[in-house]
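FYI, it's all coordinate maths here, none of it is from the lab. Since the model is a prediction, treat every value here as computed from it, not as a measurement. Counting neighbours? That spans all protein chains shown, and the Cβs are built from the backbone with ideal geometry, glycine included.
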Amino acid sequence: MSIQFRYCKKCLFPETKPDLYFNEGGVCSACIAAEAKDESIDWKQREKDFNSIIDKFRLGKEDVGYDCLIPVSGGKDSTYQAYFMKEICGMNPLCVCFETTKETALGRRNLSNISKMGIDVIHFHKNYNAYKSMVIEGFRRVGDEMWPNHIGIFTIPIMIATKFKIPLIIWGENPQQEYGGPLESIEKNTLTRRWLEEFGGLLGNRIQDMIGVDGLTAKDLTPYFYPSDDELKQSGIVSLFLGHYFFWDARKQLEIIKQHGFRVKEDGPIEGTYTNYENLDEEIVGLHDYLKFVKYGFGRATDHACIDIRNKRLTRDEGLELVKKYDGKYPHKAVAAFVEYSGLTKAEIDEVINSYTNPILFKTDEDGVFIKDAEGNLIRNFEIT
């Protein structure tokens with residue numbers, strides 16, 4: 001039996017998306033935020049506000065040290081953040097990368113390129129065994145094999161900023177502003193402990209909950225504990241979203257950083273979407289995106305199409321066709337990479353995926369087994385409209 005749920009009238013976000021809200025006209029909170037970016041935000045004033053803030057942290061020309069810290073992956077956004085703070089703002093940033101799960105050659109190359117832009121980079125290589133245990137447990141427990149990465153990318157920069165006494169951290173976009181979320185989170189200009197716990201992708205699981213998994217101790221998990229509020233207050237660290245102060249447009253920013261050595265995937269789009277410029281550093285990201293699709297009925301292609309619609313690069317109808325073509329395809333490459341990394345069999349991985357697949361959204365047979373086509377793709381119980 002086919003079901004029908006509500007889609008945003010302007011973009012393609014469905015009502016199944018967590019933390020998404022619709023107004024009385026059927027427009028989602030992400031589109032409402034985009035309208036504010038276009039029409040009501042005084043970007044010149046926000047630029048002045050930003051410059052006033054960072055000038056308080058700017059070191060003198062003869063001083064030794066770093067003016068700010070930038071968490072990076074080597075991806076398009078963090079490369080742009082590094083470029084912007086160095087070349088536009090004239091600051092001396094320290095970039096910090098938390099090692100991803102299964103790095104790609106292109107990701108390694110783009111991360112190395114940041115140092116070639118004249119910027120110091122610390123690449124944190126974590127305890128492989130402890131991290132791997134959390135990857136597998138996160139996959140089974142909350143349906144996200146990137147769960148420990150979501151923590152490490154936030155905690156390690158804070159730890160290093162504290163150790164190096166760098167009180168300013170520059171993040172990129174506020175995801176809640178770009179992808180939709182509660183009004184409070186959209187209007188945030190800073191990244192705090194509360195923001196991480198509510199919107200950082202932890203899915204209700206805490207790092208303390210991983211103690212005891214495969215014998216893991218709190219000491220084994222040292223890099224993943226976010227500093228306490230008292231520690232943060234004492235350090236005086238301020239974490240700003242660059243996208244709060246400057247109009248965030250990933251495609252325009254991409255063209256800038258390509259002129260400074262950043263490379264995209266030249267042999268086709270990333271698995272699960274139609275673009276070739278995002279999530280270039282991680283081999284398993286297609287599985288992460290697919291798990292979102294089986295839970296909520298939309299994936300990475302929807303995310304990208306919605307942003308392109310809001311930035312007036314696609315019509316809604318054009319975006320709809322791309323979503324129908326690319327969203328929700330079984331991630332064969334990512335699953336093969338996860339088999340190699342985790343030691344789990346494909347059958348074991350599929351069993352976990354099925355356990356998180358919403359039986360209301362996808363067709364099952366009379367025994368409750370999900371029906372799939374010849375390529376292993378789920379059959380939707382709904383129409384994308």
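Name the residues whose placed amide hydrogens come within less than 5 Å of the amide hydrogen of Val96, ignoring near sequence neighbours (fewer than 5 apart) on the same chain.
The list, which skips near neighbours in sequence, is Ile70, Val72, Ile122.
Roughly how big is the chain's charge dipole about its Cα centre, with Cβ charges of +1 (Lys, Arg) and -1 (Asp, Glu), in debye to the nearest 20?
Values: 49 positive and 59 negative charges, 148 e Å.
That gives a dipole near 720 debye.
Just the ratio, please: alpha-carbon radius of gyration of segment 237-385 over 2.2 N^0.38 Å, N its number of residues. Numbers along the way, then the final one.
Details: Rg = 17.6 Å, N = 149, 2.2 N^0.38 = 14.7 Å.
Relative to the 2.2 N^0.38 Å estimate, segment 237-385 comes out at 1.19.
Could you work out how far apart the two model spin labels at Glu366 and Ile88 are, taking each label as a point 7 Å from the Cα in the direction of the beta carbon, and quote it in nm?
Roughly 6.2 nm, to one decimal.
Expected output is a single nm value to one decimal: the length gained when fully extending between Thr315 and Arg108, i.e. 0.36 nm times separation in residues minus the C-alpha distance. What is it?
Result for the pair: 71.0 nm of gain on full extension.
What percent do you get for the relative contact order of the chain when only Cα pairs under 8 Å and 6+ apart count? Mind dumping the intermediate values first?
On the way: 615 pairs, mean separation 79.6, N = 385.
In percent, rounded to a whole number, it is 21.
Could you order peptides 40-52, 218-230, 141-153 by the average number of other Cβ atoms within 10 Å of their residues, highest first? Mind dumping the intermediate values first?
Working: 40-52: 11.8, 218-230: 15.2, 141-153: 22.4.
In descending order of packing, they fall as 141-153, 218-230, 40-52.
Could you list Ile284, Ile122 so that the one with the fewest beta carbons within 10 Å of its beta carbon is first and the one with the most is last?
Details: Ile284 27, Ile122 15.
By the 10 Å Cβ count, ascending, the order reads Ile122, Ile284.
Leu59 label point, 7 Å along Cα→Cβ, cut-off 17 Å on backbone N: hits in segment 220-238?
Within reach of a label on Leu59, which here means backbone N under 17 Å from a point 7 Å along Cα→Cβ, segment 220-238 contributes 237-238.
I need the GluC sites (Glu not before Pro) found in segment 336-378, filtered to DSSP loop residues with at most 16 other beta carbons within 10 Å of theirs. Before the final figure, lay out the partial values.
On the way: sites: Glu340, Glu348, Glu351, Glu366, Glu375; in loops: Glu366, Glu375.
Sites meeting the loop and neighbour criteria: Glu366, Glu375.
I want the antiparallel fraction of DSSP beta bridges within segment 43-250, as a percent rounded to 5. Mind dumping the intermediate values first?
Working: 1 of 15 bridges.
Roughly 5 percent of the beta bridges in segment 43-250 run antiparallel, per DSSP.
Using the structure shown, select from Lys61/Lys116; Lys86/Lys312; Lys252/Lys312; Lys9/Lys312; Lys252/Lys329 the pairs with a Cα to Cα distance greater than 19 angstrom.
On the way: Lys61/Lys116 22 Å; Lys86/Lys312 30 Å; Lys252/Lys312 13 Å; Lys9/Lys312 15 Å; Lys252/Lys329 28 Å.
Where the Cα-Cα span goes over 19 Å, the pairs concerned are Lys61/Lys116; Lys86/Lys312; Lys252/Lys329.
How much net charge surrounds Thr315 when only the other residues with a Cβ under 15 Å from the Cβ of Thr315 are counted, with Lys and Arg +1 and Asp and Glu -1? Mind showing how you got there, number by number?
Details: positive: Lys9, Lys10, Arg310, Lys312, Arg313, Arg316, Lys324; negative: Asp308, Asp317, Glu318, Glu321.
Computed value for this residue: +3.
Taking loop as defined by DSSP and a crowding limit of 12 other beta carbons within 10 Å, which chymotrypsin sites (Phe, Trp or Tyr not before Pro) in segment 54-109 fit?
Answer by residue number: there is no such site.
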